[in-house]
1. List the lysines whose Cα sits under 23 Å from the Cα of Lys126, skipping any in the same chain fewer than 8 residues away.
2. Inverting the mean 1/r over all pairs of different Cα atoms, compute the Kirkwood radius of region 8-155 and quote it in Å.
3. Where in region 65-79 does the label zone of Lys126 land, with the point 7 angstrom along Cα→C-beta and an amide N cut-off under 20 Å?
4. Filter the chymotrypsin sites (Phe, Trp or Tyr not before Pro) in region 1-55 down to the DSSP loop ones having no more than 16 other Cβ atoms within 10 Å, then list what survives.
5. Cα atoms only: what Rg and Dmax, in Å, come out for region 1-71?
6. Select from the chain the helices, each a whole stretch of DSSP H, whose alpha-carbon atoms run 18 Å or more along the helix axis and whose Kyte-Doolittle mean is at least 0.5; answer none if there are none.
7. Under a Cβ-Cβ cut-off of 14 Å, what is the net charge of the residues other than Leu150 that fall near it, where Lys and Arg count +1 and Asp and Glu count -1?
8. Among Gly43, Val28, His164, which residue has its Cα furthest toward the positive end of the charge dipole of the chain, with +1 on Lys/Arg Cβ and -1 on Asp/Glu Cβ?
Amino acid sequence: MTAPAPSRDYVTTMARYNAWMNESLYRVCAEMSDAERKKDRGGFFKSIHGVLNHLVLVDIYWLGWFTGNPPSFPSLDAELYADFGALRAERARLDAAIERWAASLTEEQLAGDIVFRSMTLKVDRKLSLWHAVIHYFNHQTHHRGQATTLLTQAGQDIGVTDLHRMPGISITL
């Protein structure tokens with residue numbers, strides 16, 4: 001059974017959530033020294049900086065495919081920005097671009113397909129756009145969870161991460 005495509009509202013909400021969570025992560029990370037951010041803590045991408053760099057790389061990668069401008073990277077763990085300030089600036093630029101892209105989507109586009117090049121399999125793949133979009137936001141949440149764990153191990157707390165606590169979400173009784 002095929003589930004229905006998510007709505008444009010889902011995509012714009014997730015894009016806002018992504019930006020909100022990234023701002024929280026980077027605000028806490030800015031309080032840390034470069035050595036602390038880059039310390040190998042045994043995570044999948046070794047360090048907090050490594051996770052943040054991976055998220056930027058993959059977000060650029062998928063957004064490029066979504067917008068018809070696919071980039072090329074040597075690997076999924078390539079370091080795009082060694083400097084935290086440059087990484088943070090790119091993250092903010094990228095989050096704004098993701099929000100603009102999400103706002104431009106139509107229901108018809110979400111119901112269509114996307115062809116992309118798998119970095120891990122090195123082959124072209126075809127996927128429904130809505131599946132790719134769900135993967136995109138799920139991937140971000142997954143790795144932010146890893147970053148949050150590494151930050152917690154370093155004695156840092158990024159605060160509330162619940163989507164329903166994001167500013168602008170209306171909760172009623």
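1. Of all the lysines, none pass the test against Lys126 - Cα under 23 Å, at least 8 places apart if same chain.
2. 15.9 Å
3. Only 65-70 pass the distance filter.
4. Phe44
5. 15.7, 50
6. On the way: long enough: 8-30 (33 Å, -0.46); 48-67 (28 Å, 1.08); 84-104 (30 Å, -0.15); 129-153 (36 Å, -0.54).
Sorted by number, the helices that extend far enough and score high enough are 48-67.
7. For residues surrounding Leu150, the net value is +3.
8. The listed residue farthest towards the positive side: Gly43.
Only the coordinates and a few stated rules stand behind these numbers; no lab work does. Predicted model, so just to flag it, every value in this text is computed and none were measured. Neighbour counts run over all protein chains shown; Cβ positions are idealised from the backbone, glycine included.
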